[in-house]
Structure formats: structure tokens, C-alpha cells
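**Student:** Provided herewith is a single structure, encoded as C-alpha cells, for subsequent inquiry.
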Amino acid sequence: MRIEHSWLFDLDGTLVDSVYQHVLAWKESLDAEGIELSVWRIHRRIGMSGGLFMNQLLRETGLQVSAERADRLRRGHAEAYVRYGSTVRPLPGARELLAYLLEAGIAWAIATSGRMETASVNLAALGVDPEKAVVVTRDQVKHAKPDPDLFIAAAERLGAPIERSIVVGDSIWDMLAAIRARALGVGLLSGGYGSDELWRAGAIRVYEDPADLLIHIDEVGSRR
């Protein structure tokens, strides 16, 4: 049976409070390689793919980053992030929002630019079993955000038309990917991006966090 309506969620900064752990993990990895990059510049790139992060890093610093060094940076970030994992918590209302959708019979999936090595930390904090829920990670698609591949793959696994899906994310990269996937984008402020940025990137609605979205869920056409 084909599902007519679905919700596709980003993970970091959308369902779990983990953005700053990622920032610190990237900072630690970059420092270990002797690469200086301000924390605020790292934050602005959380949510995009690791490859795009590296491309932007090259533009920021003018450095040449070999494939071997890029892999060390990625592994260094993952190792540091796992150490920060004990501090990751679900955002307010995240579990309740997913439970509401389940009770209402509305299909949902998680689509994250992170690889499973870091996403598993967040899923555990959220109480989501990737064996039972639809979870699409960077490992499973050719391109991550702002390309639409993650959300398209998640909708396909649900058997839902992407054009009738709602993408929920905290970054401009999520909203850009939603537009390119021809889905509706709903922005959350819980990842540190401003409401004006999310509006300009294509969000149809912006809320504070999952709890605020749940309170106003009728505004995006989802109800029991």
C-alpha cells in the first residue's frame, strides 16, 4: 500500500540537542591537524555533508586537503563525537512528536547527513531503533544535504510520494534540500539558525523546537 503523506526529519538540532557537540568534535579534529577555524564558522556548516564541509574549509583557509587528510579529519570528528555522546539529549517534544505521528497513523522517517557511526549515538539518545524505524544516513546515498538524496531515499523507503512529504529541519541546508526534493520544508530554531534564514531558505513555517511544532501541528495539515 502506498502512503499518501509522510514526515521526514533531520536528526541533529531537529530531534536531538547535538549541534554543539558536533561543533566541538570538528574543532577538536581540526586542531589535531593544525587547522585553525573559528567555532562559529564550523557551526554554520553543521548539517551539510562532510564532503561539502571540506570544500568550504578549502575556501575558508586556502589549504590543500588530501583525501588521506580529509579521511583523518572525518574519523577524528567521529571519534570525538562519540566521546561527547553521553551529553546528547532529545530536544523538548521530540519523542512526543514522533509518538503523536505514530498514533495518528502518519508515516515518518529520519534522514541525516551524519554517518551511522555518529547517528547511532543520537538514535540511542532519542530511543529510536534503526532496525525498526526508517533511518537514512550519509552512508546510504551518493550526496548529502543540500542535495535532496537523503529525503528522496527516505520517502521511497516509506513508499510515500516526496511531493506530499513534510521535511523538518533546523538548518538552511535542510530547507534547500527540501525545495530540491519538491517537498514542504518546516524549520526549527533548535539548531541555532535564525528564523529569517530559514524563511529565506524556503521554510513554509518556523517553530522553536519539536514541542512547539507539536502544539501547532494543525498549521501544517497534520492531525489525527
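The values are calculated or read from the model by the stated rules, or taken from the named source; none is laboratory data. None of these values were measured; they are calculated from a predicted model. For neighbour counting, all protein chains shown are included, and Cβ atoms are generated from backbone atoms with ideal geometry for every residue, glycine included.
**Student:** Which of (1) in contact with a Gly (Cβ under 9 Å, 6 or more places away or on another chain); (2) in contact (Cβ under 8 Å) with a residue 60 or more places away in the chain does Arg95 not meet, given it meets every other one?
**Tutor:** Tallying (1) in contact with a Gly (Cβ under 9 Å, 6 or more places away or on another chain); (2) in contact (Cβ under 8 Å) with a residue 60 or more places away in the chain, Arg95 fails exactly one: (2).
**Student:** Among the residues of the stretch 175-201, which ones are within 23 Å of Gly51 (Cβ to Cβ) and crowded, with 19+ Cβ neighbours inside 10 Å?
**Tutor:** Step one: list which residues in the stretch 175-201 are within 23 Å of Gly51 (Cβ to Cβ), which gives 175-181, 183, 185, 191-193, 197, 201.
Listed by number, the residues that qualify are Met175, Leu176, Ala177, Ala178, Ala181, Ala183, Gly185, Gly191, Tyr193, Ala201.
**Student:** Any chance the stretch 168-178 includes a residue that's out of contact with any strand residue (DSSP E or B) (no Cβ under 9 Å at 6 or more places or on another chain) and over 22 Å from His22 (Cα atoms)? Before the answer, list the steps.
**Tutor:** Narrowing the stretch 168-178 to residues out of contact with any strand residue (DSSP E or B) (no Cβ under 9 Å at 6 or more places or on another chain): none.
For the stretch 168-178, residues out of contact with any strand residue (DSSP E or B) (no Cβ under 9 Å at 6 or more places or on another chain) and over 22 Å from His22 (Cα atoms): absent.
**Student:** Can you name every one of the helices (runs of 4 or more DSSP H) wholly within the stretch 1-119 that holds 1 or more residues which are more than 20 Å from the chain's Cα centre (by Cα) and closer than 18 Å to Pro146 by Cα? Working first, answer last.
**Tutor:** Details: elements: 19-32, 39-43, 50-61, 67-84, 94-104.
Filter on the stretch 1-119 gives 50-61.
**Student:** Give the residue that is nearest to Val16 (Cα to Cα), with candidates limited to residues of the stretch 191-213 that are touching a residue at least 60 places away in the same chain (Cβ under 8 Å) and outside any helix (DSSP H, G or I). Break it down into steps so the answer makes sense when it comes.
**Tutor:** So the first thing to find is which residues in the stretch 191-213 are touching a residue at least 60 places away in the same chain (Cβ under 8 Å), and the list is 191-192, 209-213.
Applying the additional criterion that residues be outside any helix (DSSP H, G or I) yields 192, 209.
On the way: Gly192: 13, Asp209: 10 Å.
Out of the qualifying residues, it is Asp209.
**Student:** Filter the stretch 1-43 down to residues that are surrounded by fewer than 16 Cβ atoms within 10 Å (Cβ to Cβ) and of a type in the set (Lys, Arg) and give me whichever is modelled with the highest pLDDT.
**Tutor:** Arg41
**Student:** Within the stretch 172-224, which residues are among the basic types (Lys, Arg) and in contact with an Asp or Glu (Cβ under 9 Å, 6 or more places away or on another chain)? Give the steps one after another, and end with the answer.
**Tutor:** Going through the stretch 172-224, the residues among the basic types (Lys, Arg) turn out to be 180, 182, 200, 205, 223-224.
The answer is Arg180, Arg182, Arg205, Arg224.
**Student:** Among the residues of the stretch 166-174, are any surrounded by fewer than 16 Cβ atoms within 10 Å (Cβ to Cβ), touching a residue at least 12 places away in the same chain (Cβ under 8 Å) and within 15 Å of the chain's Cα centre (by Cα)?
**Tutor:** First, the residues of the stretch 166-174 that are surrounded by fewer than 16 Cβ atoms within 10 Å (Cβ to Cβ): none.
No, every residue in the stretch 166-174 fails to be surrounded by fewer than 16 Cβ atoms within 10 Å (Cβ to Cβ), touching a residue at least 12 places away in the same chain (Cβ under 8 Å) and within 15 Å of the chain's Cα centre (by Cα).
**Student:** Does Thr118 meet the test of being buried (at least 20 other Cβ atoms within 10 Å of the Cβ) and closer than 13 Å to Asp10 by Cα?
**Tutor:** The answer is no for Thr118.
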